[in-house]
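The values are calculated or read from the model by the stated rules, or taken from the named source; none is laboratory data. Please read all numbers here as calculations on a predicted model, not as lab measurements. Ideal geometry is used to build each Cβ from the backbone, glycine not excepted, and the neighbour counts take in all protein chains shown.
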């Protein structure tokens, strides 16, 4: 189970461990974003600090219908204690955890400042 907290801005925050190019793991607080269908986004500064490997360019359609291009990197992370290699979208925003990373998890959020955030692995077989 992954746990977190709702902050004063009503953002559901959980922590993920992201590894740099040398395999050192660093904790990263990230916002749970059910409107983001990717894996994880990090800022250009975080990506540079971790020396992540560039993979490709991505394309997204934003809520206003405009299109944006962004860089996609690759990183090793620990999600619910399990190591995995995932794509990291570069974004000029706070780190975001997307729906693909939360696949096969149940999300529960107590929507008040200090409320509990829980992600439970669901047995889908």
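Conditions (1) within 17 Å of residue 101 (Cα to Cα); (2) exposed (fewer than 14 other Cβ atoms within 10 Å of the Cβ); (3) at pLDDT 95 or above, marked per residue:
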position	(1), (2), (3)
2	yes, no, yes
13	yes, no, yes
25	no, no, yes
48	no, yes, yes
61	no, yes, no
72	yes, no, yes
Check: In the range 84-115, how many residues are under 16 Å from the mean Cα position of the chain (by Cα) and either part of a loop (DSSP other than H, G, I, E, B) or under 14 Å from residue 13 (Cβ atoms) (or both)?
Finding: 15
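Here's the yes/no breakdown for (1) modelled with pLDDT of 95 or more; (2) surrounded by 13 or more Cβ atoms within 10 Å (Cβ to Cβ); (3) within 21 Å of residue 7 (Cβ to Cβ):
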{"site": "51", "(1), (2), (3)": "yes, no, no"}
{"site": "56", "(1), (2), (3)": "yes, no, no"}
{"site": "68", "(1), (2), (3)": "no, no, no"}
{"site": "100", "(1), (2), (3)": "yes, yes, no"}
{"site": "114", "(1), (2), (3)": "yes, no, yes"}
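Could you tell me which residue of the range 74-83 is surrounded by the fewest Cβ atoms within 10 Å (Cβ to Cβ), considering only residues that are assigned to a strand (DSSP E or B) and out of contact with any helix residue (DSSP H, G or I) (no Cβ under 9 Å at 6 or more places or on another chain)? First the steps, then the outcome.
At the first step, the residues of the range 74-83 found to be assigned to a strand (DSSP E or B) are 74-79, 82-83.
After this cut, where a residue has to be out of contact with any helix residue (DSSP H, G or I) (no Cβ under 9 Å at 6 or more places or on another chain) as well, the list is 74, 76-79, 82-83.
Values: 74: 13, 76: 16, 77: 19, 78: 15, 79: 19, 82: 8, 83: 12.
Looking at the filtered set, the residue picked out is 82.
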